[in-house]
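Inspection log for the structure reproduced underneath, given as structure tokens.
The values are calculated or read from the model by the stated rules, or taken from the named source; none is laboratory data. Since this is a predicted model, take the numbers as computed values, not measurements. Cβ: placed from backbone, ideal geometry, glycine included. Neighbour counts: every protein chain shown.
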């Protein structure tokens, strides 16, 4: 069933230049776009002095790192051949790729981890990011890199890691944020400086009616 669905999605590959270009771009470059989004998110939070945005960017980073580590462990336990390796005569491969473990998809885990955390902090942008993450999953199958179960498992792992980072393990990103803020104070704090106590009124001011 997994391979049949892969063939249904991968079947149109190689028949439309514009479609192939979009899918290859999504399959190969989207994860780096999401990484850039996290960097910009943190920079925006630093510029505006928003602790919540800095926390969200750090939580998204932590979730992505966590799920990629989980993927490495799973890949070592089950070295599933990629579709283009197991079925070279049947799969349309649109771009070169390493012949490493297919299950689960690192790009699916990374994009979903970032998108879900972003959704927890900003529903609008998070919705856009989730739609993009779904496109990445489809594209990874379309170009011949993965089976559908690879990207579905990756999306699930990324979502779980994101929920943990944004809720139950939120204290850890919060601790990291405080450390980062101590090393790199937010722009608002840098500009305003530390507030000082108001000067005590003089004797004349105290007696003035």
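Of note, residue 93 satisfies the criterion of being closer than 21 Å to residue 20 by Cα and either surrounded by fewer than 18 Cβ atoms within 10 Å (Cβ to Cβ) or touching a helix residue (DSSP H, G or I) at 6+ places or on another chain (Cβ under 8 Å) (or both). Checked against (1) farther than 27 Å from residue 46 by Cβ; (2) crowded, with 20+ Cβ neighbours inside 10 Å; (3) in contact with a helix residue (DSSP H, G or I) (Cβ under 7 Å, 6 or more places away or on another chain), residue 135 passes all but condition (2).
Of the helices (runs of 4 or more DSSP H) lying entirely inside the range 100-185, those containing at least 3 residues that are closer than 21 Å to residue 27 by Cα are 106-121, 123-142, 148-166. Residues satisfying the criterion are present in the range 47-54 (criterion: over 19 Å from residue 165 (Cα atoms) and surrounded by fewer than 16 Cβ atoms within 10 Å (Cβ to Cβ)). Within the set 69, 19, 31, 55, the sole residue that is part of a helix (DSSP H, G or I), modelled with pLDDT of 95 or more and on the phi < 0 side of the Ramachandran plot turns out to be 19. Scan the range 69-76 and give yes if some residue there is touching a helix residue (DSSP H, G or I) at 6+ places or on another chain (Cβ under 7 Å), without any contact (Cβ under 8 Å) to a residue 40 or more places away in the chain, under 20 Å from residue 165 (Cβ atoms) and surrounded by 14 or more Cβ atoms within 10 Å (Cβ to Cβ), otherwise no. The answer is no, given that none of the residues of the range 69-76 is touching a helix residue (DSSP H, G or I) at 6+ places or on another chain (Cβ under 7 Å), without any contact (Cβ under 8 Å) to a residue 40 or more places away in the chain, under 20 Å from residue 165 (Cβ atoms) and surrounded by 14 or more Cβ atoms within 10 Å (Cβ to Cβ). Residue 154 meets the conditions (1) free of Cβ contacts under 8 Å to residues at least 60 places away in the same chain; (2) within 13 Å of the chain's Cα centre (by Cα); (3) farther than 14 Å from residue 61 by Cα in every case but one. The failed one is (1).
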